[in-house]
1. Could you run through the stretch 117-134 and say how many residues are under 18 Å from residue 93 (Cβ atoms) and either in contact (Cβ under 8 Å) with a residue 60 or more places away in the chain or surrounded by fewer than 12 Cβ atoms within 10 Å (Cβ to Cβ) (or both)?
2. Residue 54 is checked against (1) within 19 Å of residue 138 (Cα to Cα); (2) surrounded by 14 or more Cβ atoms within 10 Å (Cβ to Cβ) and fails just one. What number does that condition carry?
3. Give 48, 102 a once-over and let me know the one that is within 21 Å of residue 124 (Cβ to Cβ), at pLDDT 95 or above and part of a strand (DSSP E or B).
4. Being touching a residue at least 12 places away in the same chain (Cβ under 8 Å), assigned to a helix (DSSP H, G or I) and either closer than 19 Å to residue 167 by Cβ or within 12 Å of the chain's Cα centre (by Cα) (or both) narrows it down to one of 33, 41, so name that one.
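The values are calculated or read from the model by the stated rules, or taken from the named source; none is laboratory data. What you see is a predicted model; the values in this text were computed from it and never measured. Every residue, glycine among them, receives a Cβ derived from its backbone with ideal geometry; neighbour counts consider all protein chains shown.
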């Protein structure tokens with residue numbers, strides 16, 4: 001009988017965590033590394049964001065992270081109707097925003113990014129939505145990450161302004177998410 005492989009651990013960022021040593025693998029991802037090293041712990045302490053990390057088996061080194069914040073997505077029709085056709089008088093819909101997500105370049109293609117998105121979906125559906133109004137998960141996707149987010153079920157916000165952005169808004173409708 002083969003021994004079970006050690007599992008990655010997903011948990012909240014802790015004050016004593018070592019946040020150095022990420023390999024971004026792409027220049028577009030450098031701001032994600034910079035945020036994690038300089039700001040993630042302070043944002044956590046000030047309740048401006050919640051950051052979740054994935055630790056490698058055996059070493060407990062952080063190999064991926066995701067930061068979640070409250071957010072919104074602009075109503076494409078300027079308000080008036082909710083996505084299900086019910087009246088809605090606001091210019092934006094409540095959302096959870098994946099503010100940042102980075103997997104160390106040496107750890108990619110192992111499903112860690114997917115695990116973080118699944119965690120965000122689970123948190124939204126199981127914790128946030130039963131307590132407060134929240135209809136979407138949104139992300140401002142870096143151009144190099146759009147294909148990843150499409151694989152995770154995100155849809156590009158179809159407006160001319162959004163398509164022209166260097167980091168277009170993508171979303172998942174939580175009422176339609178599996």
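1. Of the residues in the stretch 117-134, 4 are under 18 Å from residue 93 (Cβ atoms) and either in contact (Cβ under 8 Å) with a residue 60 or more places away in the chain or surrounded by fewer than 12 Cβ atoms within 10 Å (Cβ to Cβ) (or both).
2. If we test residue 54 against (1) within 19 Å of residue 138 (Cα to Cα); (2) surrounded by 14 or more Cβ atoms within 10 Å (Cβ to Cβ), just (1) comes out false.
3. Details: 48 fails: part of a strand (DSSP E or B).
So the residue among 48, 102 that is within 21 Å of residue 124 (Cβ to Cβ), at pLDDT 95 or above and part of a strand (DSSP E or B) is 102.
4. 33
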